[in-house]
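The structure under discussion appears below in the form of structure tokens.
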Amino acid sequence: MTEQDEATYTIDQLAAHTGVPSRTIRFYQSKGALPSPVRRGRKAFYGPRHVERLELIARLQDRGLQIRAIRNLLDQLDCGQASLEDWLGFEAELRTPWSEDAPELLTEVEIQERLSDRPPGLLAALIKAGLLEREANQYLVRSPALLKMVLILEANGIDVETANGAAGILARHMSKAANELSLHFEEHMSDRLRDGSLDNSGQLLSTLKPIALEAAGVIFAQEIQRALEQMLHEGRLAHVASGRVGDDPETPDD
């Protein structure tokens, strides 16, 4: 039986069968994500291929893909340039956390114990900075590792606002670097992944994760050392080197 023979659904019947509204089906067609229907005279009919494609689109949307990305992936699948199983495996591997810094909930007692012997107002400052979120009688900590680092800095004289601002600077620049690196690897390695001259992408990703984390730490440590040494040699950190972090270096002693 040919595809034309199998195409028996009108668009309204396809919508009823799949639960996808007619206007959404037309939208998918307009974006190239859904194949054109079979024409018989002035009427359009859909078949099993369209049902399967709508189910696949729904699966990919559940994984967070926008329609443009879905269309591009489906084009690669149709041309044999990609395997759905490989893509799903790679996507699942990619979603695996790259660090063990998982969100946690702390009770009122737990947060008070963690902040014991700390100055008044610290809890409010952490909430204002977004490091803690109050939920009824609990506190959500989205990044326990980041909270721990901010508390260490606070104990050494660096206030929460300053520490959180530093984290924001890191996030902005690392986000840009991550995007540039992703484009760099795509440009230089996509052809080799497609033609099979490299191992599968899932194995490549599992290798990349620890190297990326180590490289980020090593390179950042080198760069922050270089920047601080330059500031010191320019005389901009003399008061820090002398241990007088809170003093104004231009204000003489009484």
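The values are calculated or read from the model by the stated rules, or taken from the named source; none is laboratory data. Predicted, not measured: the structure shown is a model, and the values here were computed from it. We place every Cβ from the backbone using ideal geometry, glycine too, and count neighbours over all the protein chains shown.
Evaluate the following for Ile70: is it in a helix (DSSP H, G or I) and within 22 Å of the chain's Cα centre (by Cα)?
So Ile70 passes the test.
With respect to Arg59, is the statement that it is basic (Lys, Arg) and either in contact with a Phe, Trp or Tyr (Cβ under 8 Å, 6 or more places away or on another chain) or closer than 23 Å to Leu205 by Cβ (or both) true?
yes
If only one of Ala82, Ala92, Ala58, Ala44 is under 29 Å from the mean Cα position of the chain (by Cα) and modelled with pLDDT of 90 or more, which one is it?
It is Ala58.
Could you give every pair whose Cβ atoms fall below 6 Å, whose first residue belongs to segment 132-145 and is closer than 14 Å to Thr107 by Cβ, and whose second residue is loosely packed, with under 15 Cβ neighbours inside 10 Å and among the charged types (D, E, K, R), counting only separations of at least 6 or pairs across chains?
Sorted first by the residue in segment 132-145, then by its partner, the pairs are Asn137/Glu108; Leu140/Glu133; Val141/Glu104.
Quick check on segment 5-29: of everything there that is farther than 19 Å from Ile57 by Cβ and surrounded by 12 or more Cβ atoms within 10 Å (Cβ to Cβ), which residue is modelled with the lowest pLDDT?
Step by step, filter segment 5-29, then rank; the result is Glu6.
Going by what's in this entry, would Leu105 be described as touching a strand residue (DSSP E or B) at 6+ places or on another chain (Cβ under 9 Å) and either in the same structural domain as Lys148 (by TED's automatic domain parsing) or touching a residue at least 12 places away in the same chain (Cβ under 8 Å) (or both)?
Answer is yes for this residue.
For the condition in the same structural domain as Ala124 (by TED's automatic domain parsing), at pLDDT 90 or above and more than 30 Å from Gly89 (Cα to Cα), what is the one hit in Glu234, Glu154, Glu229?
It is Glu154.
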